[in-house]
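Coordinate-derived values only; no laboratory data. Not measured: the values here are computed from a predicted model. Don't worry about glycine lacking a Cβ; one is built from the backbone with ideal geometry, like all the others, and counts go over all protein chains shown.
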Amino acid sequence: MNNRPWQMALGLALLSLGCGHEDQRASAVPSATTSTQTRFRTSINIPERLTSVDVGGAGNGGVEQRVRCETCHAVRPPKPLPESMSALTEFHVGMRFTHGTLSCTACHAEGQPPKLKLATGEPLPTASALQLCAQCHGPQYRDYEHGAHGGMNGYWDTSAGNRTRNHCVDCHDPHTPQVEAVSPKPPPRDRFLNQGETH
């Protein structure tokens, strides 16, 4: 009789340990599965210059004034695209164009403004211009795909948060894509280098 309470207590202890262990494993499995399945979104920025033009001047609050391409192109009959910038007499006058030996028709869809076109002739919405750039700029696009060209905001690790990739047009003007030379500036002055100085 004296052994019986001891055996019951041991049995209950083992049972409660076993149940606790089972509960911990069951609750740990879904959270581990959930964390590996959670992936945040990667999006590509669509710069305003793909869908609108700067009309000069600043509006309220000093923000540049832009007009969507469709504002004019939807109400005007399409005209043949010019062969050079000097042929522009009414709209887009003064636009610089230095993109190799290309003409407007190399990228813009004739008679379908403001659409672009691939080398195959297939029309392309302006928001998809990244596809157009990739046709000729393969090494840059390859580097872009691997994260070495173009830059981004947000998280490199998409399990931690969203990522927004830059578009080609964020850094390059499609009509004059060469990044202009810059002059190096002196580095910021470190306040700890000359601690003996007084100002």
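Please list the non-local residues whose amide H lies under 5 Å from the amide H of GLN65, H modeled 1.01 Å from N, same-chain partners needing a gap of 5 or more.
Amide H neighbours of GLN65: VAL55, GLY56, GLY59.
Calculate one ³J(HN,Hα) per residue across the stretch 98-114 by plugging θ = phi - 60° into the Karplus curve 6.51 cos²θ - 1.76 cosθ + 1.60, and present them in order as whole Hz with x for glycine and proline.
So the Karplus estimates, Gly and Pro as x, are 9, 10, x, 9, 6, 10, 4, 6, 5, 10, 8, 6, 4, x, 10, x, x Hz.
Each residue of the stretch 115-121 in turn: what ³J(HN,Hα) in whole Hz from Karplus with 6.51, -1.76, 1.60 and θ = phi - 60°, glycine and Pro shown as x?
6, 9, 9, 7, 4, 6, x
Looking at MET85, VAL67, GLY111, which one has the Cα that reaches farthest to the positive end of the dipole of the stretch 42-171 (charges on Cβ: Lys, Arg +1; Asp, Glu -1)?
Selected residue: GLY111.
For the stretch 42-171, what is the per residue volume of the convex hull drawn over the alpha-carbon atoms, in cubic angstrom?
Measuring per residue, one finds 146 Å³ for the Cα hull of the stretch 42-171.
Mind listing the long-range amide H neighbours of SER52? Cut-off is under 5 Å, sequence gap 5 or more, other chains count too, H placed in the peptide plane at 1.01 Å from N.
Here CYS69 satisfy the definition.
Using θ = phi - 60° and the Karplus curve 6.51 cos²θ - 1.76 cosθ + 1.60, what whole-Hz ³J(HN,Hα) does each residue of the stretch 79-95 get, with Gly and Pro shown as x?
Each residue of the stretch 79-95 in turn: 10, x, 6, x, 7, 8, 5, 5, 7, 7, 10, 10, 10, 6, 5, x, 5 Hz.
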